[in-house]
Amino acid sequence: GKAGGEEEEKGGRQMFDKNTLRTNGREMFMNAVQIYRRERGIGPNVAEDEEADEDDKPRMLRVYLRKRPIFPKEEQQRGDYDIATIASSRQAVIHNCLFQADLKTPYVSHLTFDYDRVFDERAESSEVYKAAAARLVESALDGRVGTMFMFGQTGSGKTHTMSAIQEAAARDLFAPADDIVPWLSVQVVELRGNRCFDLLAPGISDGRRHNLRPELRLREQGDGSYAAEGAADLYPSSPEELANMLEMAQSRRATSATDANSVSSRSHSVCILRLCQSEGQLMLVDCAGTERKKDSMYHTKERQQEGAEINASLHALKECIRYLTTSQRVPSHAYRASSLTKILADAFTRGPSARLAVVCTISPCATDTEHTIATMRMGMALGGRGPEREEKQLLSDLLPKKERLMHPKQWTSEQVVDWLVSVRDGDFSDVVDAMPSNFTGQMLVRLSEGRCVQLCNGNQRRGRTLFDLLHQEIHRVESSRKA
């Protein structure tokens, strides 16, 4: 209906204004973030100084955060700046730069989030793999199920991180293979809403369009898990071959333009690697970019429906992980709630032996603040950590001070003299002698043009110029006060 459209349009405008205000207040907000870091002794080496002790307790779920660097073109072309602070190896702070409803009072909402491990922009992908994914690979080789979820808006470094993890995982999975054939099978499917498509099978044609992805049906198996019926199972014989297959699958994913990014993944992709000898599994899940209404303002109904289904599937995932981490078992109604949780049923039905990792990737840009907070909240929620902590700081003391100009009628007799000897490089300093010594600003502003001519020894041109200069000064002060 009309009302809904109006509300959405209003929301879009409001978001645009937020980012415009952020970039307009760039210097002030950057200054506030720098002061925050300096006061807390947060420097570039903080994450290294206190290396996070990876506790070896076999916890089911761990949540990680990785911040990407800010790119020069973002700073130069968009006027963007870094609002993500890695406060320690387990803590990140987002500086949400905002204005109050009057659009004049700036403030920063400092939001503190806790994770099992946080990686700053200088961290190598190999460090992220070692901390977050290596134990999942070990689980799979030992006959258990390891599952990794990737979250983050498009452009946050998610694909970059996922590709590096896939490459390293391929190498480690084949390390003990010792020429045993087949060693593992790979299946990659894409979930768009509640539909499932094969990313490894050859493309098909419907007569009009070619190279379409074959659609699959998710069927329940005897043990309560689900399988994508008819999905292509490929059997790579080397890490390189596996990495190539995963790259090919990635390139076939459905992408579509959003406002947030010209090419944004509008689907979840699930890669299932099954070890033929140990019967373990490694599942790598690249979750669809979180998309809020404002990004899809101009999308079709179908596009918006897709967004609603993505959000519903993420809710189902959250519920399954909550059940698994609190009671070690997931009731079947919970994982039957979406196609994403159905295909991951193996991860939820294995109970305490399951190992899960969530990796959130974030952009440091001020204009991506809302997406970044949404991603980080998702990570906190999946980890069962509750909400972030907020500290609000008003920036009135950092606002550029506007000098309040004094109106000429408030001038003392000394200030009247100062003005007369300085205006027009001292052209009217002789007028001082023609005036009484107690001549105040109150008297000055009442001078008529004729009286100014008298004070200038009857010189019409000079008298008129003095009168004009006085009224220009009055106008300048009054305009400045109105502004």
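The values are calculated or read from the model by the stated rules, or taken from the named source; none is laboratory data. Treat the numbers as computed from the prediction; the structure is a model and nothing was measured. All Cβ positions, even for glycine, are placed from backbone atoms using ideal geometry, and neighbour counts span all protein chains on display. Accessible surface areas use protein heavy atoms only, side chains included; no ligands, DNA or RNA. Shrake-Rupley method; radii C 1.70, N 1.55, O 1.52, S 1.80 Å.
Below are the figures for this structure:
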{"item": "Tally, over region 429-445, of residues that are open to solvent by less than 50 Å² (accessible area, probe 1.4 Å) and closer than 14 Å to PRO408 by Cβ", "result": "5"}
{"item": "Criterion violated by ASP116 - all others in (1) surrounded by 15 or more Cβ atoms within 10 Å (Cβ to Cβ); (2) of a type outside the set (Phe, Trp, Tyr); (3) over 19 Å from LEU382 (Cα atoms) satisfied", "result": "(3)"}
{"item": "Helices (runs of 4 or more DSSP H) fully within region 336-420 counting 1 or more residues that are among the β-branched types (Val, Ile, Thr) and buried (at least 19 other Cβ atoms within 10 Å of the Cβ)", "result": "339-343, 369-382"}
{"item": "Qualifying position, being surrounded by fewer than 19 Cβ atoms within 10 Å (Cβ to Cβ), among the polar types (S, T, N, Q) and in contact with an Asp or Glu (Cβ under 8 Å, 6 or more places away or on another chain), among ASN244, ASN194", "result": "ASN194"}
{"item": "Sole exception among (1) in a helix (DSSP H, G or I); (2) open to solvent by less than 30 Å² (accessible area, probe 1.4 Å) for GLU473, by number", "result": "(2)"}
{"item": "Region 58-74, residues that are open to solvent by 10 Å² or more (accessible area, probe 1.4 Å) and over 13 Å from the mean Cα position of the chain (by Cα)", "result": "PRO58, ARG59, MET60, LEU61, ARG62, PHE71, PRO72, LYS73, GLU74"}
{"item": "Criterion (part of a helix (DSSP H, G or I), open to solvent by 10 Å² or more (accessible area, probe 1.4 Å) and either within 30 Å of GLU302 (Cβ to Cβ) or without any contact (Cβ under 8 Å) to a residue 60 or more places away in the chain (or both)) met by exactly one of THR154, THR159", "result": "THR159"}
{"item": "Leading residue by the ranking (nearest to VAL477 (Cα to Cα)) among those in region 432-452 that are β-branched (Val, Ile, Thr) and in a loop (DSSP other than H, G, I, E, B)", "result": "VAL445"}
{"item": "Filter result for ASP468 (over 17 Å from TRP411 (Cβ atoms) and either open to solvent by less than 70 Å² (accessible area, probe 1.4 Å) or of a type in the set (Gly, Ala, Ser) (or both))", "result": "no"}
{"item": "Any hit, region 353-376, residues being on the phi < 0 side of the Ramachandran plot and free of Cβ contacts under 8 Å to residues at least 60 places away in the same chain", "result": "no"}
{"item": "Where a residue in region 446-464 is surrounded by 12 or more Cβ atoms within 10 Å (Cβ to Cβ) and its partner, wherever it lies, is of a type in the set (Lys, Arg) and part of a helix (DSSP H, G or I), with Cβ under 8 Å and at least six apart", "result": "GLU449/ARG464; CYS452/ARG464; VAL453/ARG462; VAL453/ARG464; CYS456/ARG462"}
{"item": "When residues of region 163-184 are limited to those that are open to solvent by 10 Å² or more (accessible area, probe 1.4 Å) and either within 24 Å of the chain's Cα centre (by Cα) or among the hydroxyl-bearing types (Ser, Thr, Tyr) (or both), the one nearest to SER278 (Cα to Cα)", "result": "GLN166"}
{"item": "Which listed residue is modelled with pLDDT under 55 and open to solvent by 50 Å² or more (accessible area, probe 1.4 Å), from GLU54, GLU8, GLU27, GLU39", "result": "GLU54"}
{"item": "Pair list, Cβ under 7 Å, 6 or more apart: region 266-277 residue over 17 Å from MET245 (Cα atoms), other residue open to solvent by 10 Å² or more (accessible area, probe 1.4 Å) and aliphatic (A, V, I, L, M)", "result": "ARG266/ALA254; SER267/ALA254; GLN277/ILE180"}
{"item": "Test result for LEU212, surrounded by 13 or more Cβ atoms within 10 Å (Cβ to Cβ) and over 23 Å from GLY143 (Cα atoms)", "result": "no"}
{"item": "Any chance SER225 is over 25 Å from GLN91 (Cβ atoms), open to solvent by less than 20 Å² (accessible area, probe 1.4 Å) and in contact with a Cys (Cβ under 9 Å, 6 or more places away or on another chain)", "result": "no"}
{"item": "Complete set of residues in region 310-334 that are buried (at least 18 other Cβ atoms within 10 Å of the Cβ) and in contact (Cβ under 8 Å) with a residue 40 or more places away in the chain", "result": "ILE310, SER313, LEU314, LEU317, ILE321, LEU324"}
{"item": "Filter pass, ALA345 being over 23 Å from the mean Cα position of the chain (by Cα) and more than 25 Å from GLY280 (Cβ to Cβ)", "result": "no"}
{"item": "Near pairs, Cβ below 8 angstrom, 6+ apart or cross-chain, from region 188-215 (on the phi > 0 side of the Ramachandran plot and modelled with pLDDT under 85) to any residue that is open to solvent by less than 60 Å² (accessible area, probe 1.4 Å) and of a type in the set (D, E, K, R)", "result": "GLY193/GLU306; GLY193/GLU309"}
{"item": "Condition met for ARG424 (outside any loop (DSSP other than H, G, I, E, B), exposed (fewer than 13 other Cβ atoms within 10 Å of the Cβ) and basic (Lys, Arg))", "result": "yes"}
{"item": "Residue list for region 162-178, filter: under 14 Å from PHE149 (Cα atoms) and part of a loop (DSSP other than H, G, I, E, B)", "result": "none"}
{"item": "Residue within region 134-146 that is over 26 Å from GLN250 (Cα atoms), in contact with a helix residue (DSSP H, G or I) (Cβ under 9 Å, 6 or more places away or on another chain) and open to solvent by less than 50 Å² (accessible area, probe 1.4 Å) present", "result": "yes"}
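To keep it simple, each residue is scored yes or no on (1) part of a helix (DSSP H, G or I); (2) within 13 Å of ARG22 (Cα to Cα); (3) open to solvent by less than 50 Å² (accessible area, probe 1.4 Å).
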residue: GLN76; (1), (2), (3): yes, no, no
residue: ASP80; (1), (2), (3): no, yes, yes
residue: ALA87; (1), (2), (3): no, no, yes
residue: ASN96; (1), (2), (3): no, yes, yes
residue: ALA101; (1), (2), (3): no, no, no
residue: THR112; (1), (2), (3): no, no, yes
